[in-house]
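J.: Quick one: this structure, given as structure tokens, is what I'll be asking you about.
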Amino acid sequence: MRRDVIDRIATTRAKVIRVGLTGRIIYLPDPIAKSSDADQAAIFDILTQQIREIEDVKALLTGTYIAEDIPQETADWVFRLAKTMPAEVDGVLHMLELSKIIEKTAAQPQNTKALSNALKAQLDFARKKGFHDMVTRLCNRLWTDLDSAREKKASDAQKSSRAVMSTLARLEHIGKHVRLVSLNASVEAARAGDAGRGLAVIATEFKSLAEEIQSLATSARAEIETK
């Protein structure tokens, strides 16, 4: 899911470009094959949809995202890292406002000058202020944290595995010791004859215990090594 969220933030660059392109189509319709009202409405819908998706990214970066498609834990993770990059977040927020001005002015096709100015302001911010680089830096920060988290999990898993294997080795050692005790008890029981029957029973139980310990340790080791 975290990968998907990073991709969603990364596509903000493409969404901003679409806003500019659709706004320009509305501003400069084809003079030869004039668009119908339905065509213009469809173009405006595309523009609006892009802006709504940029608003979702803003919500993620500012900790206000509430939706079922992204777990709260993931949204909190994005917000926590976004707080470490205020300039980049401000850049996304400013680009959203510029895009919303395009949406507002595009809804009033008669106000061509305002739409032209809005398109120019958005393009200037993208080019001169490095908006696309801001989004790239945000995504790189998220990827770096994600990779670090994966490395930590792998390291922790290795440490846990080593600890378990050490415990199994100790358990196997105990099993061998118990088996040796059972053998010694069997020898002493045989020497004692009838008087050693009780000791023989104990020796048998110790032998069963040793075998069970060895079996459990071997099974656990095999299961760990196959993972």
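J.: Quick one: in segment 62-102, of everything that is open to solvent by less than 30 Å² (accessible area, probe 1.4 Å) and not hydrophobic (A, V, I, L, M, F, W, C), which residue is nearest to the chain's Cα centre (by Cα)?
T.: Here the residue is 74.
J.: Same structure, new question: Being acidic (Asp, Glu), surrounded by fewer than 17 Cβ atoms within 10 Å (Cβ to Cβ) and within 30 Å of the chain's Cα centre (by Cα) is the requirement here; does residue 133 meet it?
T.: yes
J.: Residues in segment 15-27: is at least one among the polar types (S, T, N, Q) and touching a residue at least 12 places away in the same chain (Cβ under 8 Å)?
T.: Looking for residues that are among the polar types (S, T, N, Q) and touching a residue at least 12 places away in the same chain (Cβ under 8 Å), one finds at least one in segment 15-27, hence yes.
J.: Can you find, within segment 23-40, the residue that is modelled with the highest pLDDT among those that are farther than 17 Å from residue 111 by Cβ and open to solvent by less than 60 Å² (accessible area, probe 1.4 Å)?
T.: The qualifying residue modelled with the highest pLDDT is 36.
J.: I've got another one for you. Looking at residue 89 and the list (1) over 23 Å from residue 144 (Cβ atoms); (2) modelled with pLDDT of 95 or more, which single condition is not satisfied?
T.: (1)
J.: Do you know which residues across segment 201-215 are among the aliphatic types (A, V, I, L, M) and at pLDDT below 75?
T.: If the condition is that a residue be among the aliphatic types (A, V, I, L, M) and at pLDDT below 75, then 203 is the only one that fits.
J.: In addition: In segment 182-200, what count of residues is obtained for those that are modelled with pLDDT under 75, open to solvent by 60 Å² or more (accessible area, probe 1.4 Å) and not charged (D, E, K, R)?
T.: 2
The values are calculated or read from the model by the stated rules, or taken from the named source; none is laboratory data. Just so it is clear, the structure is predicted and the values come from calculations on it, not from any experiment. Positions of Cβ are generated from backbone atoms using ideal geometry, with glycine treated the same way; all protein chains shown enter the neighbour counts. Keep in mind that these areas ignore ligands, DNA and RNA; they rest on the heavy atoms of the full protein, side chains included. Shrake-Rupley method; radii C 1.70, N 1.55, O 1.52, S 1.80 Å.
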